[in-house]
Structure formats: structure tokens, C-alpha cells
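The values are calculated or read from the model by the stated rules, or taken from the named source; none is laboratory data. This structure is a prediction, so every number in the text was calculated from the model and none was measured. Don't worry about glycine lacking a Cβ; one is built from the backbone with ideal geometry, like all the others, and counts go over all protein chains shown.
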Amino acid sequence: MLKILVTGASGFVGSHIVETLLEENYHVICVVRKMSNLRWIKNLPIDYRYGDLNNIEFLEEIVKDVDAVVHCAGVLRATSKEEYFKVNVENTRNLCLAILNNNRKLQKFIFISSQAAMGPSNTKNFKKINDIETPISDYGLSKFIAESEIRKLFLGKIPYTILRPAVIYGPRDKDVYIFFKLINRHLRPFTITKKFLQLVYVKDVAKVTFVCLQNKKSDNNIYYLANPQSYTWYDVGRIISYVANVNTIPLPIPDFVFKFVGFMAGAISIVTKKSFILNNQKVSEILQKYWIAETKPAENDLNIKFTCLEVASKVTYNWYLINNFF
């Protein structure tokens, strides 16, 4: 039985990856911190390794005798550029170095990156893998630099795959959940100016991760993960309202409202030293016209069919209902 080390295992995406790997009969070892909330994985047949990824000695110990690593840990929101780079770049670099120093026989390293690393498209044409990356946030830049470190350190030494999911949604999520919550309250917000984006169901991200462990075609490649269909936020709200069977009131929001909210969140963050879902940089990402990328390489190489929004959003909405999130 192959041993798979998973970082960020207790989080939204990581916990789904862990479940999928267990279903495929892998021996899963989860890296968690002492203060981590293990609610999604505490009853699963897994091994725990308690420690911090900024501890080099800890990293060198946990990578020994594992067959593959799925690096899902990272920070989505931070109060400074330095924090993004410390967690997303330095920890990734140190993890790679620990593998090179202690486990040259590693069969695969999979990095869960983000569509933010590629940056938005300038046109309605889907961005391709070989297009120039243009991240517009500290988060996106930190993910892109982390990818660059992996490619530089591992090329010709350790097989790796970099996954760039679009907006991820699904059971356990707390970010896109806000959108579901508003719809449940009969409000359907959308941007007045059309913004086109893609989404990806969390179970699809987990399935792709498993496939990459098995599929040699994925070695040393980067893939965008998303439902191939692009949507406006108006489309997304309309579809979720329909599948949830909830009558909603359209709530058009002009761009300046997002900008004001981002400005206020940034100001409060400076005072409280706490990060928020919406800040100036996140608002800047939201207001980009095109967040769309080519998913054909993932579909072809990995033989994956992404779940449509109509199906996955209904499953997600029902999960929120059953688990009393509303």
C-alpha cells in the first residue's frame, strides 16, 4: 500500500483529497498542527504528524519513507505580502529541499496551486498553459513563485504535477458558501458589469489529485482545473437558485461597492491585524473581466470530466442544509 503524505489535510480542499485517497486504498499520513481543527478528518483511518511546516527538522522527518506528497497547505488570506511569501513560498521551498535531502525515491509531488497564479485573461479567449503568467495579487504571486521553486528544484529529479484550480466550491467551503447563504435568504447578488469566471467542484479537484498519482502523463506538467463552461455571477446565482428551488430577488452590485468594501476591510485589517475574505487585492481579482483558462489538457491527459455546476451546486446546497449551515 502506497504511503501518501498530505499537507493541509484538515482544510476544505485537503480533507476531500484525504477522503478520496482513502477510498482508493492509499495509506494516508496527514500533516496537522496542534491547534488544527480536525472536524472533517478526525474519524478517518489516517496517521497524523503533528508539527509546523516552517520547522525544517520536522519536514526532513516527515518526508522519509513516503511514496508521494500532496502539498495542499497554504494561506489564502494574510495581512501582508511577507506572510503570503513565508507560508506559500518558503514553506514550499523547504519542503522540496527536505525531499531532495531525505527521499530521492519519491514517486510524485503534487502541488495544489491556484488559478490566481496565472492571472486573469485579457480577452474572452481562454488562457493557455504556455501563456505568460500575470498574477495581480500577493496571493497569486506567492503561488506562482512557489510553482517556480518546485519546477526549478525538482526538474529531472522528482516527478511533480502542479494543479491550478479555478474558484473551488463544495461541501465544507466557507468562502463561496456566503453566496449560497444569500441565495438561501432569497437574495441573488451579481456584478452589474459582466465578469466571466470558471468554477470547479472540490470533489473534482480531489479526483484529479488521485489520477495524477497514477498517471505518468501528468509528470512535470501544469493543469488548469475547472468546469470548461464560463459563467457570470448572474448565471451562477440563477443556476443555484433554480437547483435549490429558492425564489430570489436579483441584487445588482456596482463595482464601486466592492471597492468600498475592500477599502474598509483593508483599513480594519491594519488596525485589528486580522485578514478578511474581501480586501483590496481580492476585490481587484473579483473585478477582472475574464478569469477563464483552457482545461482541455487536464481533460485529455487525465481522462477527467468536470462536474457541471447544476449538479455540484445542488449537492453543495443540500449539504449546507443538512449540516445546518443556514
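Mind checking which residues of the stretch 71-94 are under 19 Å from Val18 (Cα atoms) and out of contact with any Phe, Trp or Tyr (no Cβ under 8 Å at 6 or more places or on another chain)?
Cys72, Ala73, Gly74
Would you be able to say whether some residue in the stretch 63-73 is farther than 21 Å from Tyr169 by Cα, among the small types (Gly, Ala, Ser) and at pLDDT 95 or above?
yes
Listed here are the residues, each with its yes/no results for (1) out of contact with any helix residue (DSSP H, G or I) (no Cβ under 7 Å at 6 or more places or on another chain); (2) aliphatic (A, V, I, L, M).
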| site | (1), (2) |
| --- | --- |
| Val18 | yes, yes |
| Leu21 | no, yes |
| His27 | yes, no |
| Cys30 | no, no |
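With the structure loaded, tell me whether Asn43 is surrounded by fewer than 17 Cβ atoms within 10 Å (Cβ to Cβ), in contact (Cβ under 8 Å) with a residue 12 or more places away in the chain and among the polar types (S, T, N, Q) or whether it fails that test.
no
Which pairs turn up if I take residues in the stretch 165-186 that are surrounded by fewer than 16 Cβ atoms within 10 Å (Cβ to Cβ) and look for partners that are assigned to a strand (DSSP E or B) with beta carbon separation below 7 Å, at least 6 apart in sequence or on another chain?
Final answer for the pair search is His186/Ile249.
Condition check: modelled with pLDDT of 95 or more, surrounded by 16 or more Cβ atoms within 10 Å (Cβ to Cβ) and within 21 Å of the chain's Cα centre (by Cα). Does Ile110 satisfy that?
yes
Just to be sure I understand the filter: pairs with C-beta atoms under 6 Å, separated by 6 or more residues or on different chains, first member in the stretch 72-84 and within 17 Å of Ile150 (Cβ to Cβ), second member part of a loop (DSSP other than H, G, I, E, B) and among the charged types (D, E, K, R). Which pairs pass?
Sorted first by the residue in the stretch 72-84, then by its partner, the list stays empty.
Any idea which of (1) touching a residue at least 24 places away in the same chain (Cβ under 8 Å); (2) over 15 Å from the mean Cα position of the chain (by Cα); (3) within 27 Å of Phe210 (Cα to Cα) is the one Ala117 doesn't satisfy?
Ala117 satisfies all of (1) touching a residue at least 24 places away in the same chain (Cβ under 8 Å); (2) over 15 Å from the mean Cα position of the chain (by Cα); (3) within 27 Å of Phe210 (Cα to Cα) except (2).
Among the residues that make up the stretch 296-314, is at least one of them among the β-branched types (Val, Ile, Thr) and at pLDDT 95 or above?
Yes: one or more hits.
So in the stretch 125-158, with the set limited to residues that are in contact with a strand residue (DSSP E or B) (Cβ under 6 Å, 6 or more places away or on another chain) and assigned to a loop (DSSP other than H, G, I, E, B), which one is farthest from His71 (Cα to Cα)?
If we take residues in the stretch 125-158 being in contact with a strand residue (DSSP E or B) (Cβ under 6 Å, 6 or more places away or on another chain) and assigned to a loop (DSSP other than H, G, I, E, B), then Phe126 is farthest from His71 (Cα to Cα).
Residues checked against (1) outside any loop (DSSP other than H, G, I, E, B); (2) among the β-branched types (Val, Ile, Thr); (3) under 18 Å from Lys203 (Cα atoms); (4) in contact with a Gly (Cβ under 7 Å, 6 or more places away or on another chain):
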| site | (1), (2), (3), (4) |
| --- | --- |
| Met1 | no, no, no, no |
| Val6 | yes, yes, yes, yes |
| Val69 | yes, yes, no, no |
| Thr79 | no, yes, no, no |
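For the stretch 6-40: of the residues being surrounded by 14 or more Cβ atoms within 10 Å (Cβ to Cβ) and charged (D, E, K, R), which is modelled with the lowest pLDDT?
Glu24
Restricting attention to the stretch 197-216, and to residues there that are farther than 16 Å from Cys308 by Cβ and not β-branched (Val, Ile, Thr), which single residue is farthest from the chain's Cα centre (by Cα)?
Filtering the stretch 197-216 for residues that are farther than 16 Å from Cys308 by Cβ and not β-branched (Val, Ile, Thr), the one farthest from the chain's Cα centre (by Cα) comes out as Lys216.
Quick check on the stretch 95-107. Is at least one of its residues touching a Leu at 6+ places or on another chain (Cβ under 8 Å), polar (S, T, N, Q) and either assigned to a helix (DSSP H, G or I) or crowded, with 20+ Cβ neighbours inside 10 Å (or both)?
Within the stretch 95-107, none of the residues are touching a Leu at 6+ places or on another chain (Cβ under 8 Å), polar (S, T, N, Q) and either assigned to a helix (DSSP H, G or I) or crowded, with 20+ Cβ neighbours inside 10 Å (or both).
If you go through the stretch 32-67, how many residues are part of a loop (DSSP other than H, G, I, E, B), within 13 Å of Asn94 (Cα to Cα) and under 23 Å from the mean Cα position of the chain (by Cα)?
4
In the stretch 187-205, how many residues are part of a loop (DSSP other than H, G, I, E, B), surrounded by fewer than 23 Cβ atoms within 10 Å (Cβ to Cβ) and of a type outside the set (Val, Ile, Thr)?
2
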